[in-house]
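One structure is given below, encoded as structure tokens.
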């Protein structure tokens, strides 16, 4: 059957799974940079939220320092959640998510690539800006690297965990609040370990223990979250 | 909800699915893709149930839905690269030649948001030729196209089918494909 | 090994009739056990040397906490069965569990607050058990919220099933992290809502309450399940024979 011959011809040019995932990642990064001004929004939100706490409590750095880890983490959590809404939204609307599901390639890998792109575009910038706001909340100089490391790890776990909720609510209108309600209770362990790690960093103590627990959560999310997200996407495409 | 359907398409045939709006043409195509769960009934490809190995079934088909799945902020060439590239390595000359076949040769570097609906449809048709999949599932492939566009769609389908491929297309009206290659299926809404 | 009994559970009319027949077998023993346990716990058991009579609310609080967790596990298991074997009835079971579990969780929180008032002087302390239960309540509410955001019943079933399975994996992690968090910040005067040193006359009514609550849950589940099955199958033909007397 000559149609089978056509299939055979195309099989030899099939790119490997990793290359396909890289393609999906590259596409999302390129798309984000075409609309550069939108990349700033989660960062601006983060800074504004952290500024709200001194405004509503006290300008005394001495009194802000103890609550600085909590403020940074809550602000990072909320900013990541807001940005998660857009993880799958556009692709679901213009049909590219459907094409991903029909590509014959592993949807799990493709969604992992999209989530990784989301982290690079949102989580990493947040982690890099966090030291600045940390200083504004009284964090000492030696803790800044610790702040970057802890928030970068935590936002990675958050992007992965949040991708599940984003995939489940992709067809729902005005799903922003629902997505947050679904993800926040599940994100509590990330918050607890991450904030504790940042707190120890600010106190100039070793933050290895909570960071290791946080890393364990990241590993768990890396293995399970894209699978769950792929299942959720298939359900929403039915 | 679809009920009471039995159909068979062989290599070298095109199945034209007609029916009023809401009769279920889109649902049928999506069910044939394996995307809709069938409570009863099966889809067989090459004699095997597609659910046994969905990825390789998907690798043998191309599905075009109502709207071309293009990213407005990317160029035409970038769109083709990221879309077809998921399944098949295609070089720049191959992409350029596909655009030429689709009648939009000069548009490779244009951002998709600057294109008209008809031009976007032609980009999707270019991708269709690049995928080189044996089974084509097309939902209203002639939407937004002018007369020469209709001609193009008919030509592409006829070439594909004569080369041994299969096409299942939901079409409101007939297109100029040789009658001996076409079979019709009419869906009625109850 | 014949799995026919399992596959017959996939048939809604069969499940409906089975639920109808089984309900009294769970409801009556549940009622007797709970009444007996209440008598044993409120009247017969001696007052605790440390907490006085205040500890007696444990007979409601602890079984409620246990049930809130057990119902979630049941809901997640039913969801997994529904996803793997595509059984509609399994989704109906999961949907029936959710409001029951949420109620048990809310009851745990309220009894915890009532217990806390005489013990701590405040209605709320960030006690690890109460905090975990609060988060569990949000998980239930998230499940119910996700369900209600879909018009299509099938999609609601499957999406919330995925959420339930993801949640059940998370519950032990959340538990662990909350207890870890609490152990770091042990305020000196906080008294945990723990059961006092258990003596036998205190233990027996507690175990009776556990069993009674479990049977009560099954009875209520069966009643709700019938309602769910009716709601989903309302256009099916077998309904007419069952409902019209």
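Every read-out reported here was derived from the displayed coordinates using simple, explicitly stated rules and does not represent laboratory data. In this text the structure is predicted, and so the values were computed from the model without any measurement. Because the Cβ atoms are built from the backbone with ideal geometry, glycine has one as well, and the counts that use them run over all protein chains shown.
Largest first, the three principal axis extents of the alpha carbons in region B:69-133 are 27, 21, 18 Å in whole numbers. Helix B:147-162 and the long axis of chain B differ in direction by around 60°, with both axes built from C-alpha atoms.
Relative contact order, whole percent, for chain C stands at 36, derived from Cα pairs under 8 Å and 6 or more residues apart. P(r) tail for the protein assembly as shown, what percent of Cα pairs lie past 35 Å? Here the long-distance tail beyond 35 Å is 54 percent of all Cα pairs in the protein assembly as shown.
Rounded to the nearest 0.05, the FRET efficiency derived from the C-beta distance between residue A:13 and residue C:35 at R0 = 51 Å is 0.10. Given a Förster distance of 25 Å, report the FRET efficiency between residue B:42 and residue B:9 from their Cβ-Cβ distance, rounded to the nearest 0.05. Efficiency computed from Cβ-Cβ geometry: 0.95. Once every Cα of region A:76-126 carries one equal point scatterer and solvent is ignored, give the base-10 log of I(q)/I(0) from the Debye formula at q = 0.25 Å⁻¹, two decimals. With no solvent term, the Cα-only Debye profile gives -0.96.
By other beta-carbon atoms within 10 Å, ranking A:58, A:108, B:62 with the fewest at the front produces A:58, A:108, B:62.
With R₀ fixed at 22 Å, the C-beta to C-beta distance from residue A:120 to residue A:48 puts the FRET efficiency at about 0.45.
Give the value in nm², to one decimal: projected area of the alpha carbon convex hull of region A:17-237, averaged over all directions.
Average of the hull's projected areas for region A:17-237 equals 11.9 nm².
Per residue of chain A, what 222 nm ellipticity follows from adding -39500 (n - 2.57) for every DSSP H run with n ≥ 4, rounded to the nearest 500? The helix contribution divided over chain A gives -25500 deg cm²/dmol.
Note on residue A:177 and residue C:66: the model spin-label points, each 7 Å out from Cα along the C-beta direction, lie 3.8 nm apart. Fewest-first ordering of B:56, A:143 by other beta carbons within 10 Å of each residue's beta carbon gives B:56, A:143. Considering helices alone, the calculated mean residue ellipticity of chain C at 222 nm is -26500 deg cm²/dmol, with DSSP H runs of length four and up weighted by -39500 (n - 2.57) and normalised per residue. Segment residue C:53..residue C:169, full-extension length gain: 38.0 nm, with 0.36 nm per residue of separation and the alpha-carbon distance subtracted.
Computed over Cα pairs, the Kirkwood radius of region A:134-238 leads via Stokes-Einstein (0.890 mPa s, 25 °C) to a diffusion coefficient of 165 µm² per second.
Separation of region A:155-171 and region B:93-111 by C-alpha centroid, Å? Measuring centre to centre over Cα atoms gives 37 Å.
Label-to-label distance for residue B:21 and residue B:52 is 4.2 nm, based on points extended 7 Å past Cα in the beta-carbon direction.
For region B:69-133, the relative contact order works out to 45 percent when only alpha carbon pairs closer than 8 Å and six or more residues apart are counted. Hydrodynamic analysis of chain C uses the Kirkwood radius over alpha carbon pairs. Inserted into Stokes-Einstein at 20 °C and 1.002 mPa s, it gives a translational diffusion coefficient of 109 µm²/s.
Once both labels are positioned 7 Å from their Cα atoms along Cα-to-Cβ, the gap between residue B:178 and residue A:30 label points is 3.9 nm.
Percent relative contact order of chain A, based on C-alpha pairs within less than 8 angstrom and at least six residues apart?
Dividing the mean separation by the residue count of chain A yields 24 percent.
Placing a label point 7 Å from the Cα of residue A:135 along the Cα-to-Cβ direction, none of the residues of region A:185-205 has a backbone N under 13 Å of that point. Computed with the Debye formula from one identical point scatterer per Cα of region A:9-52, without solvent, the log10 of I(q)/I(0) at q = 0.15, 0.18, 0.24, 0.27 Å⁻¹ comes to -0.59, -0.69, -0.83, -0.89.
Adding -39500 (n - 2.57) for every DSSP H run of four residues or longer, then dividing by how many residues chain B holds, sets the calculated 222 nm ellipticity at -10500 deg cm²/dmol.
Considering region C:196-241, its Cα convex hull presents a mean projected area of 4.4 nm². Here the scattering of region B:2-156 is modelled by Debye summation over its C-alpha atoms, one equal scatterer each and no solvent; at q = 0.10 Å⁻¹ the log10 of I(q)/I(0) is -0.39. Note on region B:76-190: Cα-only Rg and Dmax are 14.6, 49 Å.
Peptides C:169-182, C:71-84 ranked from most to least packed by the mean count of surrounding Cβ atoms within 10 Å: C:71-84, C:169-182.
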